[in-house]
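The values are calculated or read from the model by the stated rules, or taken from the named source; none is laboratory data. Remember, predicted model here, so these are calculated numbers, not experimental data. When we count neighbours, we look across all protein chains shown, and the Cβ atoms used for this are built from the backbone with ideal geometry, even at glycine. Ligands, DNA and RNA are stripped out before the accessible areas are found, and what is left, the full protein with its side chains, is counted by its heavy atoms. Shrake-Rupley method; radii C 1.70, N 1.55, O 1.52, S 1.80 Å.
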Amino acid sequence: MKAEDILQLRSTPLASPSYPAGPYRFVDREYFTITYETDPELIRHHLPEPLEPIEQPIVVYEWIKMPDSSGFGDYTESGIVIPCRFKGEDVSFVSQMYLDDEAPIAAGREIWGFPKKYAHPKLELVKDTLTGTLEYAGQQVAMGTMGYKHVAMAGDQQRTMKSLAKTQINLKIIPGIDGNAEICQLVALNIENITIKGSWSGPARLHLVPHVNAPVADLPVRRIVGATHIIADLTLPYGRVVHDYITERSTHERVGEPANRETSAHAVAG
């Protein structure tokens with residue numbers, strides 16, 4: 001294969017790339033989110049600088065079912081999102097994600113830096129209850145339940161649209177050949193071309209179980225704030241780098257070098 005052909009590839013392996021080029025369109029994407037309060041000091045621990053906590057110590061636990069996604073197929077994911085601020089903007093930091101399909105795991109980590117791990121999430125309607133579960137290594141680590149379609153949110157489309165279009169931020173880390181971080185960035189993205197097909201709210205409960213490799217319970221539930229159920233079509237575009245840790249470190253080191261030399265010269269002269 002010629003060099004110019006290699007440079008056109010989006011991923012490996014060479015014979016069968018893990019995912020095609022984007023952007024990626026999702027049809028009938030189904031969200032089940034539970035917002036809850038947790039301990040504020042734990043939120044600070046889970047937010048990478050320069051992201052800042054908001055006043056209310058809230059976390060969003062989510063299940064997302066994707067039955068029709070271009071390039072990725074049919075899969076479900078679950079995880080934790082932390083509302084926070086970046087340079088004065090209200091954003092969402094994607095803290096943990098667990099899903100059951102290799103293609104979106106590879107693409108999510110390599111392109112946008114989504115913190116994706118392989119697991120077995122499930123979102124289903126069981127009689128009168130919308131039910132989300134997450135199993136990791138044979139153990140159930142999360143279960144969320146919500147009364148099915150108790151309150152329609154058709155009159156609040158603007159709020160629903162705003163929640164889906166809100167800026168998401170990921171911590172993208174890709175090591176170099178020496179094992180050290182070659183890419184270390186905060187990456188932002190915004191969902192586009194959103195068509196809301198339905199949105200509801202209702203009573204909900206969330207149960208999290210401690211697990212070393214799926215530590216969703218590290219942000220424990222103190223009080224349920226609310227829950228939503230949304231079905232929408234949307235497009236996942238490419239992202240943008242909003243903070244580069246390696247560049248920032250190099251800049252600080254360059255700025256610090258003259259000052260250090262000047263300090264040393266004064267010390268010798270003294």
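When the range 112-146 is limited to residues that are in a strand (DSSP E or B) and of a type in the set (Lys, Arg), the one that is nearest to residue 24 (Cα to Cα) turns out to be 116.
Inclusion of residue 123 among residues that are open to solvent by less than 60 Å² (accessible area, probe 1.4 Å) and under 21 Å from the mean Cα position of the chain (by Cα) is warranted.
For the range 10-65, taking the residues that are among the basic types (Lys, Arg) and more than 17 Å from residue 228 (Cβ to Cβ), the one that is most open to solvent (accessible area, probe 1.4 Å) is identified as 10.
Filter the range 220-256 down to residues that are in a strand (DSSP E or B) and among the polar types (S, T, N, Q) and give me whichever is most open to solvent (accessible area, probe 1.4 Å).
It comes out as 228.
Of the residues making up the range 117-142, just one is touching a residue at least 40 places away in the same chain (Cβ under 8 Å) and on the phi > 0 side of the Ramachandran plot, namely 137. Is it the case that some residue within the range 97-105 is of a type outside the set (Ser, Thr, Tyr) and free of Cβ contacts under 8 Å to residues at least 12 places away in the same chain? No, every residue in the range 97-105 fails to be of a type outside the set (Ser, Thr, Tyr) and free of Cβ contacts under 8 Å to residues at least 12 places away in the same chain.
Table: residues versus (1) farther than 30 Å from residue 19 by Cα; (2) modelled with pLDDT of 95 or more.
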| site | (1), (2) |
| --- | --- |
| 225 | yes, yes |
| 229 | no, yes |
| 233 | no, yes |
| 240 | no, yes |
| 246 | no, yes |
| 249 | yes, no |
| 252 | yes, no |
| 257 | yes, no |
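Looking only at residues that are under 30 Å from residue 51 (Cα atoms) and open to solvent by 60 Å² or more (accessible area, probe 1.4 Å) in the range 126-165, which one is modelled with the lowest pLDDT? Filtering the range 126-165 for residues that are under 30 Å from residue 51 (Cα atoms) and open to solvent by 60 Å² or more (accessible area, probe 1.4 Å), the one modelled with the lowest pLDDT comes out as 157.
Please determine whether any residue of the range 19-36 is at negative phi, hydroxyl-bearing (Ser, Thr, Tyr) and not in a strand (DSSP E or B). Scanning the range 19-36 turns up at least one residue that is at negative phi, hydroxyl-bearing (Ser, Thr, Tyr) and not in a strand (DSSP E or B). Consider the range 173-206 and keep the residues that are among the β-branched types (Val, Ile, Thr) and assigned to a strand (DSSP E or B). The one that is least open to solvent (accessible area, probe 1.4 Å) is 187.
When the range 69-106 is filtered for residues that are in a strand (DSSP E or B), at negative phi and either of a type in the set (Lys, Arg) or open to solvent by 30 Å² or more (accessible area, probe 1.4 Å) (or both), the ones remaining, listed by number, are 74, 85, 89, 90.
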